[in-house]
1. Which pairs turn up if I take residues in segment A:105-118 that are within 16 Å of DNA strand D (Cβ to nearest atom) and look for partners that are among the β-branched types (Val, Ile, Thr) and not in a helix (DSSP H, G or I) with beta carbon separation below 7 Å, at least 6 apart in sequence or on another chain?
2. Do we find that A:Glu13 is out of contact with any Cys (no Cβ under 8 Å at 6 or more places or on another chain) and either within 14 Å of chain B (Cβ to nearest Cβ) or outside any loop (DSSP other than H, G, I, E, B) (or both) in this structure?
3. Can you name every residue in segment A:134-153 that is surrounded by fewer than 20 Cβ atoms within 10 Å (Cβ to Cβ), within 20 Å of A:Arg168 (Cα to Cα) and in contact with a Leu (Cβ under 8 Å, 6 or more places away or on another chain)?
4. Is it true that A:Ala165 is more than 10 Å from DNA strand D (Cβ to nearest atom), farther than 19 Å from A:Arg7 by Cα, aliphatic (A, V, I, L, M) and surrounded by 12 or more Cβ atoms within 10 Å (Cβ to Cβ)?
5. Within segment A:128-162, which residues are near DNA strand D (Cβ under 8 Å from one of its atoms) and under 17 Å from A:Gly6 (Cβ atoms)?
6. Could you grab the pairs with beta carbons closer than 7 Å, sequence gap of 6+ or different chains, first residue in segment A:137-163 and closer than 17 Å to A:Leu101 by Cβ and away from chain B (no Cβ under 14 Å), second one within 12 Å of DNA strand D (Cβ to nearest atom) and of a type in the set (Ser, Thr, Tyr)?
7. List, please: which pairs have Cβ atoms under 6 Å, are six or more places apart or on different chains, and start with a residue in segment B:22-47 that is away from chain A (no Cβ under 13 Å) and modelled with pLDDT under 90 and end with one that is surrounded by 15 or more Cβ atoms within 10 Å (Cβ to Cβ) and outside any strand (DSSP E or B)?
8. Tell me yes or no: at least one residue of segment B:55-67 is assigned to a strand (DSSP E or B), among the hydrophobic types (A, V, I, L, M, F, W, C) and farther than 23 Å from B:Val120 by Cα.
Protein chains: 2
Amino acid sequence: MRACDGRLEASVEGVERLRDESLDAALARAVDVRFLAHVEQLETRARHDGTLATAYLGLARADMPAAGDWRPVDSSWPADERAFVAAAQARLRAKLSYTNLGFALAPELFTISELREVYVAALGYDVSATNLQRVLVRRGAIVRADGFRPPGRTGGRPAALFRFASDRLEVTDEFAALRPPR
Amino acid sequence: MRACDGRLEASVEGVERLRDESLDAALARAVDVRFLAHVEQLETRARHDGTLATAYLGLARADMPAAGDWRPVDSSWPADERAFVAAAQARLRAKLSYTNLGFALAPELFTISELREVYVAALGYDVSATNLQRVLVRRGAIVRADGFRPPGRTGGRPAALFRFASDRLEVTDEFAALRPPR
DNA sequence: GCAAAAGTGTTCTGGCTACACCCATGG
DNA sequence: CCATGGGTGTAGCCAGAACACTTTTGC
């Protein structure tokens, strides 16, 4: 999955595993894991033919020119793929709330407004830029980077640049979350 | 896993899956799932011999006379089993905080004190009976049942009986948790 | 100057914790 | 009557939400 242009997009690749092949190897054969900032195993299901299907959640940064068939996550997906995508999306939503998982969706450097769009796309509900900044800064998930992004033609104050403090999954607040607005 | 006599105990059974056999069938062959109030898939790993091992978290109620080799969860476990048990324990701890998962550990009817012992064993830190009751009642996870448990020889006020409102996993509060004491 | 975008200060709320206090029973 | 265990009342804390206000830019 990735958050691109304010939408959450997904790409589904089948992971076929050969006998005597590790899961990691099978995954690496199915997708180019260099494009993924975070990979996480989801669920293993038995198929009718006796083989096993293991689903993964892979997250790509918005600025990563990842190859693949990226499509917006909406109701146009086939039912079986939707089940996997829905599970992945639920997991993503939950972990965005209490971990630093945003690092896997946001580009290296970003403004709070850009980060907000990523969170809105992934969470599916509105998020205040003001509070998003305060929550993530307080938790130590994001830190100020040098420099500013100059405003566009329509003006406005230059936006400070931030970066995630870590590029590995960390639980930043086990007991809190980004609540949806009332 | 189960919480028994104030301790968290675990039993590890290998799940060997035959070709053309579903995962559920393989699990049912390895353990008697009738004794488990809740089953949840954890992780699938590839073994060196090319087979797959899928770990499950199964929870048994304290009053269930489950067969099996129940041992306290401590440092006496072999390293490889400990990794699975630790993952299961972490998952259990997390879900106890924001779901009604306690239904799978507590007996049908229980007093708040008994429920407290279950939570203390599973969470690994002290929990106040007062606040445990209020949190779970407010969330609607537990409800008053008829009757009281008479006090023992040492006296004391009779304890009100409670039961869990549901015996299926439900997210009772996505945005809160039982915090450990300071 | 004015609109637009970014950032800050401040208040409010709600869930949870902490702790003092009250209740009911056995001996 | 008193120790013991159970239950309630209440105050305080704190992360987060809400919102008014200030800052900095383009035109």
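1. Going by the 7 Å Cβ cut-off, the qualifying pairs are A:Arg116/A:Val127.
2. On the way: out of contact with any Cys (no Cβ under 8 Å at 6 or more places or on another chain): yes; either within 14 Å of chain B (Cβ to nearest Cβ) or outside any loop (DSSP other than H, G, I, E, B) (or both): no.
For A:Glu13, the condition - out of contact with any Cys (no Cβ under 8 Å at 6 or more places or on another chain) and either within 14 Å of chain B (Cβ to nearest Cβ) or outside any loop (DSSP other than H, G, I, E, B) (or both) - is not met.
3. So the first thing to find is which residues in segment A:134-153 are surrounded by fewer than 20 Cβ atoms within 10 Å (Cβ to Cβ), and the list is A:134-135, A:137-140, A:143-153.
So of that shortlist, the ones also within 20 Å of A:Arg168 (Cα to Cα) come out as A:135, A:137-140, A:143-145.
Answer for segment A:134-153, where residues must be surrounded by fewer than 20 Cβ atoms within 10 Å (Cβ to Cβ), within 20 Å of A:Arg168 (Cα to Cα) and in contact with a Leu (Cβ under 8 Å, 6 or more places away or on another chain): A:Val135, A:Arg144, A:Ala145.
4. On the way: more than 10 Å from DNA strand D (Cβ to nearest atom): yes; farther than 19 Å from A:Arg7 by Cα: yes; aliphatic (A, V, I, L, M): yes; surrounded by 12 or more Cβ atoms within 10 Å (Cβ to Cβ): yes.
Answer is yes for this residue.
5. Taking segment A:128-162 and keeping what is near DNA strand D (Cβ under 8 Å from one of its atoms), we get A:128, A:130-132, A:134-135, A:138-139, A:148, A:150-158.
Those that are near DNA strand D (Cβ under 8 Å from one of its atoms) and under 17 Å from A:Gly6 (Cβ atoms): A:Ser128, A:Leu132, A:Gly152.
6. If the second residue must be within 12 Å of DNA strand D (Cβ to nearest atom) and of a type in the set (Ser, Thr, Tyr), the pairs left are A:Arg139/A:Thr172; A:Gly140/A:Thr172; A:Ala141/A:Thr172.
7. Correct list of pairs: B:Ala30/B:Val15.
8. yes
The values are calculated or read from the model by the stated rules, or taken from the named source; none is laboratory data. This is a predicted model, so every value here is computed, not measured. Positions of Cβ are generated from backbone atoms using ideal geometry, with glycine treated the same way; all protein chains shown enter the neighbour counts.
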